[in-house]
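Written out below as structure tokens is the structure these notes cover.
Readers should treat all values here as calculations from the given coordinates under stated rules, not as data from a laboratory. On a predicted model such as this, the values are computed, not experimentally measured, just so you know. Reconstructed Cβ throughout: ideal geometry from the backbone, glycine too, with neighbour counts over all protein chains shown.
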């Protein structure tokens, strides 16, 4: 199936590992030119080198902190200078720590807001003008099942990621006339380092083993297993493609059926 993504410019944030890296690989497999960023320079460049060699595509990789608006602006400018445009922007950042409400400090609330909400604002502000000039664009935010179904001890994620959904709806409504589609992808429990961190936190708090946490999450999904990063990535790539040209303002869960609502 031709997804119409060959030579498109896809920017993927936090793409040195996990779902972000799988997403960069999935776009490269479609022949897209890829721009990657993450905080860890060594891990990022290693991922970028592998993608270049495996898929024979152009890759731009720069280390930066997505909570720094000036650095985000500079990065998007570098992408546009190298590739001539920014067609697709996948916003992504590591999740906030596992906390209950009273144990979360005000500093942690501010950090979660900057990391998981304002970083999306920063990228959107920079890429939308490029997309408007071409009358074509895709912004896809990567959040969590918590946008639909709050998860215990993840109050920071439950609250802040919901704000991203409000932003997605607003941008979809405002910029649809410019040919820009804006959607959100919410993974369920997916086999990443982030899930290992959550399992460790749960284990420390409850006295149960990390394996028990993984088994419980898998059992709670109708498919009876954890998700794979590439399964989330494939959904993102499809949303960016011409095959999803009439979908905007939506949240697509990739959760193995774990969300119990209608």
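For the reader, a short list of remarks on this structure follows.
- Fully extended contour minus Cα-Cα distance, from residue 219 to residue 247, at 0.36 nm per residue: 7.0 nm
- Distance distribution note for the chain: the fraction of Cα pairs above 30 angstrom is 24%.
- For residue 212 and residue 6, the FRET efficiency from 1/(1 + (r/R0)^6), where r spans their Cβ atoms and R0 equals 51 Å, is about 0.70.
- Relative to the longest principal axis of the Cα atoms of the chain, the long axis of helix 193-206 makes an angle of roughly 20 degrees.
- Estimated FRET transfer efficiency when R0 is 35 angstrom, pair residue 133-residue 107 (beta carbons, to 0.05): 0.35
- Segment residue 228-residue 69, length gained on full extension (0.36 nm per residue, minus Cα span): 54.2 nm
- Compared with the dominant principal axis of the Cα atoms in the chain, helix 155-175 is inclined by about 30°.
- What the Cβ-Cβ distance of residue 42 and residue 196 gives, at R0 = 25 Å and to the nearest 0.05, is a FRET efficiency of 0.80.
- The chain: relative contact order as a whole-number percent, Cα under 8 Å and 6+ apart: 19
- Alpha-carbon Debye profile of the range 100-194, log10 I(q)/I(0) at 0.10, 0.14, 0.23 Å⁻¹: -0.31, -0.57, -1.15
- Helix 119-134 axis versus longest C-alpha principal axis of the chain: approximately 30°, rounded to the nearest ten.
- Among 147, 120, the order by Cβ neighbours within 10 angstrom, fewest to most, reads 147, 120.
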